1. Work through the residues other than V12 whose Cβ is under 12 Å from its Cβ and net out their charges, Lys, Arg +1 and Asp, Glu -1.
2. If the cut-off is 25 Å between C-alpha atoms, which lysines fall inside it for K35, apart from same-chain ones fewer than 8 positions away?
3. Tally Lys/Arg at +1 and Asp/Glu at -1 over every other residue whose Cβ is under 11 Å from the Cβ of D41; what's the total?
4. Take every Cα-Cα pair in region 114-185 and report what % of them are more than 16 Å apart.
5. First select every other residue whose beta carbon is under 12 angstrom from the beta carbon of G26; then total the charges, Lys and Arg +1, Asp and Glu -1.
6. With a cap of 11 neighbouring Cβ atoms within 10 Å, and only residues DSSP puts in a loop, list the chymotrypsin sites (Phe, Trp or Tyr not before Pro) found in region 100-195.
7. K67: which lysines have alpha carbons under 21 Å from its alpha carbon, excluding same-chain residues fewer than 8 sequence positions away?
8. Give, rounded to the nearest 20 debye, the magnitude of the charge dipole that the chain has about its Cα centre when Lys and Arg contribute +1 at Cβ and Asp and Glu contribute -1 at Cβ.
Amino acid sequence: MAEHGRVIASAVEAFEEVSASYALAGGHAVSLYTKPRVTVDADFLVAKRDLPRLRRALEKSGHRLRKVGDAIRAFGPGEDPGESEAALELLPAESHPVWKGALDSAVEATYAGTRLRVVRRSALVAMKFAAAVSTDRPREDRHVDLSDLIRLLRSGLSSGEEREAKDLAARAYRGAAADFEKLVDDLRHDRPVTL
């Protein structure tokens, strides 16, 4: 966790150096709202307009960058992108309507000793729903997203947060609000689900 804390602190420093709009998401955000869980990288939503400046700042600090689809994976100084997992994944928020809403509603928090912006718990629930039902993601990643969704639902999610999550999830696709309600109800009642 200490190494992840240094990676996150370094990323936040780069974001703030270029005044980027960003928010911690993914497994580290799940760890903030629930109990810590294992994750390989730190995922950040970033405003697309800020990516060119952010790329330059990360490269200047010794990171090696790889573009994968719309995302940018950053490897720490001295890490070989051919042999290492990315330390950071930068996701342009405008690539998905749920991500955009999550970035727009991000809040200040402290995580791993660093003050930063993080997606709200309700937005993270919507993001994990959208990821879990996405047929574009590998099945094993969707299972992790579903597990994260269960953890978030059991973390004391209020009825107001659940409504916010449903409203944001509805942006994913036509009919997503109804699918969200069904999946959440099935998970709350420990019924089997199919992805």
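1. Summing Lys/Arg as +1 and Asp/Glu as -1 gives -1.
2. Cross-link targets: K128, K166.
3. Numbers: positive: R73; negative: D43, E85, E89.
Net of charged neighbours comes to -2.
4. 45
5. Details: positive: R37, K128; negative: D41, D43, E89, D141, D145, D148.
Summing Lys/Arg as +1 and Asp/Glu as -1 gives -4.
6. none
7. Qualifying lysines at Cα under 21 Å: K48, K100.
8. With Lys and Arg at +1 and Asp and Glu at -1, about 260 debye.
FYI, it's all coordinate maths here, none of it is from the lab. Please read all numbers here as calculations on a predicted model, not as lab measurements. Here the Cβ is made from the backbone with ideal geometry for all residues, glycine too, and neighbour counts use every protein chain on show.
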